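The values are calculated or read from the model by the stated rules, or taken from the named source; none is laboratory data. As the structure is a computational prediction, the values presented were derived from the model and not from experiment. Glycine gets a Cβ as well: all are built from the backbone with ideal geometry, and neighbour counts include every protein chain shown. Areas reflect the complete protein model, heavy atoms only, side chains present, ligands, DNA and RNA absent. Shrake-Rupley method; radii C 1.70, N 1.55, O 1.52, S 1.80 Å.
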Amino acid sequence: MSENNSQYDVIVIGAGVAGLYQLFKLRQLKLKALVIEAGDNVGGTWYWNRYPGARFDSESWSYGYSFSKELFEEWDWPEHFAAQPDTLRYLNYVADKFDFRRDIKFDRRVEACVFDQQNNLWTVRTNMKEEYVARFLITALGPLSAFTLPNIEGRETFKGPAYHTARWPHEEVDFSGKRVGIIGTGACAIQTIQTIAKDVAHLTVFQRSPNWAAPLNNSVITEDEQKQIKQDFEKIFEQCRKTIACFIHDPDPRSTTDLTPDEREAFWEKLYKEPGFGIWIGNLKDILVDEQANKLMTEFAAKKIRERVNDPEIAKLLTPKNHGFGTRRLPLESGYYEVYNQENVLLVDLNETPITRITENGIKTSNQLYEFDLIIYATGFDGVTGPYDRIDIRTSTGRCLKDDWSDFPRTLFGMQAEGFPNMFMILGPHTSRGNIPRNIEEVVDWQTNLLEYTMSNGFTRVEPKSTSVDKWELQVQKASEGLLMSGVGSWQTGVNSNVPGRDKPRVLAYNGGAVKYRTVIQKVEANNYEEFFFA
Ligand code: NAP
């Protein structure tokens with residue numbers, strides 16, 4: 001490429017977990033790379049989502065990068081499920097250790113990317129009116145970066161502070177003596193609610209749909225455990241490579257019918273007391289695919305809510321009716337249900353009394369005005385495709401990604417979009433998802449190899465064949481057949497009531513499991529990428 005300061009081999013959008021690792025790999029190829037980041041520092045998800053109580057529900061030691069044993073050995077996670085400040089500290093440590101920041105431009109948001117069909121170059125424009133040019137574009141946008149505020153009239157009239165969980169202030173928020181209202185009861189809300197309920201004067205939770213949740217069972221990592229974790233470096237990541245979603249957990253090979261009711265109950269009680277996602281991903285193999293099996297597990301989870309919440313009416317309200325246990329991404333909690341036993345916490349059922357507007361003093365429902373000093377929007381994200389819809393990605397011949405994807409994204413392995421050459425996506429729609437850094441490393445390694453293959457063969461252009469995209473689309477659809485989650489609306493299926501046109505579930509991940517996904521993509525690499533056109 002030319003010596004021009006604004007010309008690069010590769011531009012990466014995003015300096016989160018994915019963008020940083022991608023930069024590491026590009027440097028190994030000695031490419032001229034630029035990372036563009038909207039925040040003023042690294043961290044992505046862990047930079048933006050600083051709300052009280054934000055933390056992992058992957059085991060910390062299975063979440064960190066696996067590409068450097070030295071890094072793994074140097075870093076001590078304080079808890080089995082680390083809090084957001086620790087994760088952000090970790091990512092800053094990584095950025096320092098590998099001197100990543102010198103290739104990152106912070107504080108600018110990419111607004112448009114145009115692919116020049118004639119010269120096979122991407123031009124990237126930011127909100128600072130800058131233009132950068134590169135042969136290749138890599139999107140490390142994160143599936144959950146396009147946060148959404150609720151479409152409620154009068155939102156801007158509220159006089160007090162109002163924060164979305166994904167845009168939490170950097171300064172500490174003082175809750176003492178405050179009347180706080182929170183909208184939403186997803187994973188972010190659950191962590192926020194259970195954390196602030198003890199600090200606020202009063203908390204009102206506005207719930208439209210309850211979610212199933214199970215205990216995180218977090219604990220501090222003792223010195224002995226720390227030593228063991230360091231010794232288990234290979235073992236931990238080997239285990240993650242073997243499992244369906246790259247967590248340490250994998251489904252129990254037994255079905256619900258293999259156990260007597262008493263045995264099932266004992267098994268579920270045991271899982272309920274164990275840390276992490278065992279109760280979701282390490283559960284009996286049929287609970288996420290068989291309605292009857294799911295019903296049994298759902299009844300168990302409902303019973304646990306009744307046991308933990310004193311008021312049976314509140315327990316009923318907190319029990320989901322529109323989806324079975326685990327058919328949405330399961331939030332893990334620490335004392336969430338007990339919060340509703342506190343005198344200073346009120347649960348408002350928005351199905352009974354919907355919000356009619358936000359006023360300067362608070363939130364008005366169909367039957368009363370609730371006055372607040374502070375409002376929290378834990379209203380989620382336009383998942384997976386949302387971050388792509390918010391950048392004007394097009395070709396010089398007028399093809400626009402947002403229009404192309406308005407019904408259903410057309411990708412190859414969730415890494416390349418049909419019709420958009422030289423663009424590589426990290427965790428785009430139709431990749432395998434689970435323990436995110438593990439998925440990221442897999443995809444980044446594979447795409448970097450494809451990039452190397454392209455460049456070392458003197459090609460300036462790579463794009464997926466439409467026939468390959470057709471085949472992948474079929475595989476993606478097939479892998480989701482029979483899964484109870486497929487028809488359930490959530491960010492994972494691209495449903496968001498605050499985004500016009502996003503009211504029906506779509507398949508937005510490859511749900512055949514990480515092992516199968518790896519087999520497919522490795523075969524393509526071994527066959528010299530027959531699924532792609534090179535020029
Ligand atoms: P979410 O699960 O999509 O929850 C959004 C909540 O806001 C839902 O309860 C939704 O209700 C409600 N809502 C949205 N618009 C509303 C409106 N206009 N009026 C009333 N209620 C409204 O989003 P999230 O909590 O931000 O979590 C997203 C994902 O982030 C999680 O599933 C998880 O993958 C990830 N996450 C991970 C961690 C972790 O690793 N530990 C922690 C937090 C989050 P409806 O359901 O009725 O739409």
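A few notes on this one:
- The long axis of helix 436-456 is offset from the longest Cα principal axis of the chain by roughly 10 degrees.
- Square roots of 5 times each gyration tensor eigenvalue, C-alpha, the chain, largest first, Å: 38, 28, 23
- Taking amide H as placed 1.01 Å from N in the peptide plane, R357 has its amide H under 5 Å from the amide H of K364, each at least 5 places away in sequence or on another chain.
- Relative contact order of the chain: 19 percent, from C-alpha pairs under 8 Å at least 6 residues apart in sequence.
- What the phi angles of region 509-526 give under the Karplus curve with 6.51, -1.76 and 1.60, with θ = phi - 60°, is a coupling list of 9, 7, 9, x, x, 5, 5, 5, 4, 4, 4, 4, 6, 5, 5, 5, 5, 5 Hz, glycine and proline written as x.
- Mean Cα-pair separation over length for region 187-294, i.e. relative contact order, pairs under 8 Å, 6 or more apart, %: 28 percent
- Farthest positive-ward along region 52-144 dipole, Cα basis, beta-carbon charges - from P78, N119, Y93: N119
- Taking the charge dipole of the chain about its Cα centre, with +1 at Lys and Arg Cβ atoms and -1 at Asp and Glu Cβ atoms, the residue from P421, I355, L29 reaching farthest to the positive side is P421.
- Which listed pairs, of K270/K295; K25/K230; K198/K303; K32/K402; K159/K364, have C-alpha distances above 22 Å, in listed order: K25/K230; K198/K303; K32/K402
- Looking at the chain, the DSSP beta bridges with both ends there are about 40 percent antiparallel.
- Selection from V220, I190, S432 lying farthest towards where the dipole of the chain points positive, charges on Cβ: S432
- When shorter helices are ignored and each DSSP H run of at least 4 residues is given -39500 (n - 2.57), the per-residue value for the chain at 222 nm works out to -9000 deg cm²/dmol.
- Here K478 is the anchor, and the aspartates and glutamates within straight C-alpha reach of less than 19 Å, apart from those fewer than 8 places off in the same chain, are D286, D290, E291, D407, D470.
- In terms of packing, defined here as the mean over residues of other Cβ atoms within 10 angstrom, the peptides 401-414, 434-447, 181-194 line up highest first as 181-194, 434-447, 401-414.
- Protein accessible area in the chain, 1.4 Å probe - carbon and sulfur %: 49 percent
- The residues of the chain have, on average, 42 Å² of accessible surface per residue, using a 1.4 Å probe with all protein chains present.
- Its relative contact order, with pairs defined as Cα atoms under 8 Å and 6+ residues apart, puts region 120-217 at 19 percent.
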